[in-house]
Every structure is written in structure tokens, then in C-alpha cells.
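Have a look at the structure below before the remarks.
The values are calculated or read from the model by the stated rules, or taken from the named source; none is laboratory data. These numbers come from a predicted model, not from an experiment. Here the Cβ positions follow ideal geometry from the backbone for every residue, glycine too, while neighbour counts run over all protein chains shown.
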Amino acid sequence: MSELDHRVRGVDHVAFPTFDPAATVHFYRDVLGFPVVHSICAAGWGPEQHPDFIHFFFDIGNDDRIAFFYYFGTDPSVGGPRGAKGDVYGRFAADVPEYFVRSRHLAIHVDGEEDLLEYRRRLDASDWPVEMQIQHETIESIYTHDPNGYFFEITRALRPVTPQEDLDAGLTIDALLDVVSGPDPTFGKLLARKAELIVERAAGWEPASTGPAS
Amino acid sequence: MGAGLDGTGVVNTLYVLDVPENIAVPKVAAEDPAVTVGRLGPYFVISSDQPIVIDRRAVGARHAVWYSCVAGVAPGAAITKHDKDALRVEPA
């Protein structure tokens with residue numbers, strides 16, 4: 001376990017390119033209601049041919065922000081050939097599995113079901129309706145793709161995280177690092193290694209602080 | 001882990017974290033008289049000298065919970081089935 005103090009305070013911003021600022025502003029500001037909170041109008045600069053650009057930011061709650069770059073005089077071809085799958089930044093061939101294409105995504109947090117369903121209503125009334133609503137292990141999420149093709153998730157916790165899940169997460173990671181340091185890592189090997197770590201560490205475990213009862 | 005209570009059989013053991021979503025897993029497992037359910041810290045320890053078979057419908061867990069309910073399988077045993085019908089743990 002790390003003994004380093006934990007000083008960071010969430011996401012400042014996560015940034016993506018867009019070639020369709022009108023639809024992007026419509027989606028984030030007008031459909032979802034995320035305020036525009038910052039923008040930079042910059043002339044091209046630097047040693048390479050850098051286009052003039054607009055860098056604009058939407059508040060995603062908690063003072064965290066999602067940001068976009070619009071580069072004048074460019075179109076999606078600047079990123080290479082159009083992919084059969086993916087978005088304007090990540091392009092993939094038709095045979096790339098969907099789980100991989102969807103693996104990198106942004107999930108925005110809401111406090112509860114009422115808020116999740118409010119965003120569902122806003123999206124369903126737009127050109128970007130909710131494609132899936134799924135209860136995962138401990139969260140419930142709605143998904144769509146934004147106008148740039150970015151896979152977009154809003155999620156709520158179904159319950160608070162329990163202290164024993166922190167223990168379990170730590171054991172999972174230690175087991176994973178052990179298994180991937182050896183040959184041919186498999187899920188079966190991870191579960192076997194994790195069982196050994198449970199025997200070593202679980203009996204003496206006590207919640208660090210009083211959390212919700214299991 | 002590995003040797004049975006009588007020193008001859010193999011004990012199959014799986015661990016399930018005690019969180020609300022998982023509660024039905026040890027409950028259903030314990031319906032088999034050959035299965036014992038104990039505790040080790042915050043984990044349920046589900047053991048048997050016979051293959052452990054847990055019925056998905058009896059557990060009633062949703063997809064994501066069902067496929068992530070196993071925290072560990074003691075060396076010597078392995079999951080040989082984990083699908084929409086059942087979870088089966090037996091000697092590897």
C-alpha cells in the first residue's frame with residue numbers, strides 16, 4: 001500500500017478534438033445543460049505548422065471540465081483515414097472487437113436515480129438518445145455517443161462502496177501484478193493467487209474506519 | 001488448502017466477498033449438504049469435497065453481479081463452468 005499522501009483533487013479537464021463545434025456545443029450545452037465555463041482563442045504557434053484553434057470547456061460538475069479543440073482549416077482526415085468503428089480521434093477497422101473500441105470512455109457522475117433519469121430524458125429528446133441503460137455491479141449507467149463519436153456515460157452509484165471492497169481491490173491488484181509477471185496470465189491464475197492472498201490477509205483485516213454495514 | 005478433512009479427498013474452496021449483491025451466492029451454495037460456508041474476514045468461504053455447483057436462477061443475480069461474484073478459488077480447484085445457468089468449481 002502507498003504511504004504517500006494523496007493530494008490531487010479530481011479532474012481538471014479532459015480534452016478531445018472536434019470537427020463539429022456546432023453539434024458539440026449543442027450536445028453538451030443545449031441538450032445536457034453543461035455550462036460553457038472557459039474558452040481560449042489562439043493563433044497558430046510553435047515550430048510546426050499549428051492551426052489557429054478554439055479550446056472550449058464545459059463544466060461537468062464539481063468544477064471538473066470536459067474540453068474540446070477546434071482547429072480551423074482541418075477536417076477529420078488530419079487524423080488519418082476514416083475508421084469503420086471508433087470516433088473522430090480513435091479509428092478502428094471493422095474487425096476490431098466492440099469491447100475494445102468502447103474500453104476508453106468518459107463517465108460522468110450523478111448523485112442518484114432521479115438525476116440519472118433526468119439526463120436520460122434530456123438525451124432521449126435529442127438527436128443523441130440513450131443507447132443503453134445498464135445496472136453493473138454497483139453502478140447504473142446510461143450511454144450514448146456524442147456528436148464526435150465519443151462513447152459517453154453518465155452513472156450513479158447503486159450504494160456506497162463498502163470498506164471490504166477496498167481490501168478486495170487491493171488483493172485483486174496484488175494478485176494481478178503477480179500473475180502478469182509470470183507466463184500466460186489467465187483469470188484462473190488470478191483467482192488462485194487471490195485466494196492465497198485472502199488466506200494471508202483477510203482474517204486479520206479490520207475496516208480502517210466505520211463505514212456502512214455490509 | 002487441497003487436502004480433504006479425511007486427508008484423502010480434495011477440498012474445493014471458493015471465496016466470495018460479503019457485499020449486499022453477493023449475499024445469495026453462499027446462501028444458495030449452502031443448500032447442498034456437501035457444502036460448508038464459513039468466514040474469513042469479510043469473505044464467505046464456500047467449501048466442499050464434492051464439486052460445488054451454484055445455480056444462477058436460484059441466486060437471482062443480475063448479469064454483472066453474477067459474472068463478478070468470485071473473489072478467489074483456492075489452488076487445486078478451478079472454475080469449470082460460469083455461464084447463464086451455473087457456476088461450477090471442481091478439482092483443476
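Would you point out which residue out of A:Glu165, A:Glu137, A:Glu200, A:Glu196 is over 30 Å from A:Thr24 (Cα atoms), at pLDDT below 95 and among the acidic types (Asp, Glu)?
A:Glu137
Tell me which of these A:Val78 doesn't satisfy, since it passes every other one: (1) among the β-branched types (Val, Ile, Thr); (2) in a strand (DSSP E or B); (3) loosely packed, with under 13 Cβ neighbours inside 10 Å.
So the condition that A:Val78 fails would be (2).
What are the pairs, 6+ residues apart or on separate chains, where a residue within segment A:176-204 that is more than 10 Å from chain B (Cβ to nearest Cβ) has its Cβ under 9 Å from a residue that is not in a helix (DSSP H, G or I)?
What qualifies is A:Leu176/A:Pro185; A:Val179/A:Pro185; A:Val179/A:Thr186.
If you scan segment B:63-72, which residues turn out to be in contact (Cβ under 8 Å) with a residue 12 or more places away in the chain and at the interface with chain A (Cβ under 7 Å from one of its Cβ atoms)?
Passing the criteria: B:Val65, B:Val70, B:Ala71, B:Gly72.
I'd like to know if segment B:51-65 contains one or more residues that are modelled with pLDDT of 95 or more, under 28 Å from A:Glu206 (Cβ atoms) and surrounded by 22 or more Cβ atoms within 10 Å (Cβ to Cβ).
Within segment B:51-65, none of the residues are modelled with pLDDT of 95 or more, under 28 Å from A:Glu206 (Cβ atoms) and surrounded by 22 or more Cβ atoms within 10 Å (Cβ to Cβ).
Just checking, does segment A:143-165 include any residue being of a type outside the set (A, V, I, L, M, F, W, C), away from every other protein chain (no Cβ under 13 Å), without any contact (Cβ under 8 Å) to a residue 60 or more places away in the chain and at positive phi?
no
A:Leu123 versus (1) more than 14 Å from every other protein chain (Cβ to nearest Cβ); (2) in contact with a Phe, Trp or Tyr (Cβ under 7 Å, 6 or more places away or on another chain): which is the lone unmet condition?
Of the numbered conditions (1) more than 14 Å from every other protein chain (Cβ to nearest Cβ); (2) in contact with a Phe, Trp or Tyr (Cβ under 7 Å, 6 or more places away or on another chain), the odd one out for A:Leu123 is (2).
From the list B:Pro33, B:Pro75, pick out the single residue that is within 11 Å of another protein chain (Cβ to nearest Cβ), over 22 Å from A:Ile139 (Cα atoms) and either at pLDDT below 95 or assigned to a loop (DSSP other than H, G, I, E, B) (or both).
Matching residue, one of B:Pro33, B:Pro75: B:Pro75.
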